[in-house]
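Here's the structure, in structure tokens; my notes come after.
None of the figures in this text is laboratory data; all of them are computed from the coordinates on show. Note that the structure is a prediction, hence the values are computed from the model and not measured. Here the Cβ positions follow ideal geometry from the backbone for every residue, glycine too, while neighbour counts run over all protein chains shown.
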Amino acid sequence: MAVSDFVALLPLLVVAAAAVAIMLGTAWSVRQSVRAAGSVLGVLLALAMLAPAAGVVPRQVTPLLRLDGYALVYLGLILAAGLAVALLSVGYVMRRGADQGAFHILLLLGTLGAGVLVMSNHFASFFLGLELLSVSLYALIAYTRTDFRPLEAGLKYLVLAGASSAFLLFGMALIYADAGSLEFAAIGLASRGGRLETVYALTGVGLIVTGIGFKLALVPFHMWTPDVYEGAPAPVTAFVASVSKGAMVAVLLRYFTAANAYEYESLRLAIGLVAAASMLVGNLLALLQENVKRLLAYSSIAHLGYLLVAFLASGTLGAKAVTAYLIAYFVTILGAFGVVTVLSPADRDADRVEDYQGLFWRRPALACIFTGMLLSLAGIPLTAGFVGKFYVVTAGVGSTLWTLVLVLVAGSALGLFYYLRIVVAMFAAPAESPAGSTAAAGGVVPASGLVLVLLAVLLVWFGVYPAPFLRLIAAAVAGLS
């Protein structure tokens with residue numbers, strides 16, 4: 001391996017080394033706090049390694065992985081989200097009395113799998129990264145084992161992730177049969193030569209999109225989402241909602257661009273129908289929810305539908321809009337589930353609307369942060385969510401996707417109602433809270449508090465002055481191929 005290849009892989013190698021180090025520390029009975037600190041330091045070091053890696057871009061590391069500006073931005077986003085989840089989970093895992101070492105090993109391996117996905121330029125690395133991420137999530141979702149719900153959620157995710165992997169593998173096989181290659185760029189060349197206009201190629205791409213649809217929880221592949229979000233530990237739900245979905249969006253956008261998949265009009269029509277259904281179904285079902293985690297689960301289905309509008313716009317503007325929306329969504333959903341995490345007592349998650357009744361009068365800082373995150377999800381101005389949604393609408397209008405833009409606007413109006421329900425509950429008069437409720441839960445761990453403050457700052461910064469982020473996004477997607 002050339003030195004430049006090694007440098008390009010440094011962020012991934014550091015995450016893998018940190019997982020091995022914590023595994024050895026667990027075997028040697030190193031203190032739980034040291035294992036958690038090792039996870040945080042490992043991800044911090046991986047983030048620092050992005051600087052030397054940026055010096056060798058663009059770099060093709062074997063036919064499997066490509067590090068360019070696009071991969072660098074998404075890798076930084078994945079690592080930053082993994083760091084946020086690691087810090088948020090410290091107090092949560094401690095309150096549950098679970099083992100910090102095994103939890104953080106799985107978290108690091110899931111982050112590693114997501115990192116492989118965003119650098120993938122080949123179906124082999126795509127599948128390896130996906131399975132590394134998925135296997136980690138099976139265990140993380142069922143990790144606490146304090147009641148039946150985490151085990152049920154883990155089993156459901158296991159079954160449906162296995163089904164989605166089967167769709168993906170079958171689709172890859174059909175495309176390989178026609179293109180004679182698993183490399184995205186080679187598939188794109190075959191497509192431009194008119195060799196991939198057969199039923200095998202169309203079916204293969206359709207199966208791949210179906211498999212990714214399961215991972216992204218798009219309608220009609222969304223049924224697992226509310227149960228898994230509700231049953232999984234709150235920091236794991238944050239990881240699934242951000243890192244897992246972000247990595248899948250990154251690899252899907254690279255595949256469609258490099259493999260020239262946007263040329264299939266029938267596929268674009270199918271994705272458009274999925275986007276419209278996701279926006280409508282996600283928002284309508286969220287209206288009926290009394291559980292905060294289930295509400296955010298259905299909300300995430302709608303938000304992925306919004307993102308597909310920008311995805312269908314294609315071109316540079318579409319890629320910019322997808323990336324901008326994803327950054328805003330990461331900041332917002334991590335902050336929302338971060339508040340749920342720090343408010344959760346030892347015996348359950350703070351996932352009932354009544355848990356937030358009068359929260360402003362008990363913990364005003366957390367109530368204000370949660371309010372900001374919910375308003376951002378609703379797309380209210382001066383928040384990151386507004387900027388992300390503005391770019392999605394701009395991309396949709398620029399590509400004359402009028403029907404999808406109208407559905408997006410209608411869905412956003414519906415979303416405002418159920419987000420405001422929680423906001424109104426937080427600022428209402430406090431209710432009498434029994435022992436063990438969120439009112440009786442302990443104080444916020446300093447690390448978790450720091451993460452929430454930083455996310456709140458980013459939320460407002462991106463909403464008020466997005467220019468630095470947009471310049472970074474423009475430089476990243478310029479070389480997407």
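Distance in nm between label sites at residue 189 and residue 402, each 7 Å beyond Cα in the beta-carbon direction?
With each label placed 7 Å out from Cα toward Cβ, I get 4.2 nm.
Let me know the charge dipole size of the range 105-247 about its Cα centre in debye, to the nearest 20, where only the beta-carbon of Lys, Arg (+1) and Asp, Glu (-1) is charged.
Using only the charged Cβ atoms, the result is roughly 100 debye.
So if we plug the beta-carbon distance of residue 4 and residue 266 into 1/(1 + (r/R0)^6) with R0 = 60 Å, what FRET efficiency do we get, rounded to 0.05? Before the final figure, lay out the partial values.
Numbers: r = 41 Å, r/R0 = 0.69.
After rounding to 0.05, the efficiency reads 0.90.
Across the range 55-67, in residue order, what do the Karplus-derived ³J(HN,Hα) couplings come to in whole Hz, using 6.51 cos²θ - 1.76 cosθ + 1.60 with θ = phi - 60° and x for Gly and Pro?
x, 10, 7, x, 9, 9, 9, 6, x, 7, 10, 10, 10
What spacing in nm lies between the two simple spin-label points modelled at residue 362 and residue 346, each 7 Å away from Cα in the Cβ direction?
Here the answer is 1.7 nm between the modelled labels.
For the range 101-188, just say rounded, prolate or oblate: build the C-alpha gyration tensor, square-root its eigenvalues into a ≥ b ≥ c, call rounded for a/c under 1.5, and beyond that prolate if a/b exceeds b/c, oblate if not.
Note, shape of the range 101-188 comes out oblate.
Calculate, for residue 467 and residue 28, the FRET efficiency according to 1/(1 + (r/R0)^6) with r their C-beta to C-beta distance and R0 45 Å; round to the nearest 0.05.
That pair, residue 467 with residue 28, gives E of 0.40.
Ranking request for peptides 292-299, 314-321: highest mean number of other beta-carbon atoms within 10 Å first, then the rest in descending order.
Ranking, from highest mean packing down: 292-299, 314-321.
Would you mind checking which residues have amide H under 5 Å from residue 59's amide H? H placed 1.01 Å from N; only 5 or more apart, or other chain.
The list, which skips near neighbours in sequence, is 67, 68.
Given a cut-off of 27 Å, what percent of all Cα-Cα pairs of the chain lie beyond it?
Pairs farther apart than 27 Å: 52 percent.
Placing unit charges on C-beta atoms (Lys and Arg positive, Asp and Glu negative, everything else neutral), compute the dipole magnitude of the chain about its Cα centre in debye, rounded to 20. Don't skip to the end; give the middle numbers.
Details: 25 positive and 20 negative charges, 108 e Å.
Computed about the Cα centre, the dipole is about 520 debye.
Just want to confirm a number: the relative contact order over the chain, from Cα pairs under 8 angstrom separated by 6+ residues, in percent. Don't jump to the answer; show the numbers that get you there.
Numbers: 840 pairs, mean separation 76.1, N = 481.
Relative contact order here is 16 percent.
Taking amide H atoms as placed 1.01 Å from N in the peptide plane, list the residues 5 or more away in sequence, or in a different chain, whose amide H sits under 5 Å from that of residue 219.
HN-HN under 5 Å from residue 219: 278.
Which angle from 0 to 90°, rounded to the nearest 10, does the C-alpha axis of helix 123-141 make with the longest principal axis of the chain?
10 degrees
For residue 352, which sequence-distant residues (separation of 5 or more, or a different chain) have an amide H within less than 5 Å of its own amide H, given hydrogens modelled in the peptide plane?
292
Give me the extension gain from residue 62 to residue 99: residue separation times 0.36 nm, minus the current Cα-Cα distance, reported in nm with one decimal.
Working it through step by step, the gained length comes to 9.6 nm.
Taking the 0 to 90 degree range and rounding to the nearest ten, how far is the long axis of helix 265-286 tilted relative to the main principal axis of the chain, both from C-alpha atoms?
10 degrees
Could you give the length gained on full extension between residue 457 and residue 410, defined as 0.36 nm per residue of separation minus the Cα-Cα distance, in nm?
Full extension from residue 457 to residue 410 adds 14.0 nm.
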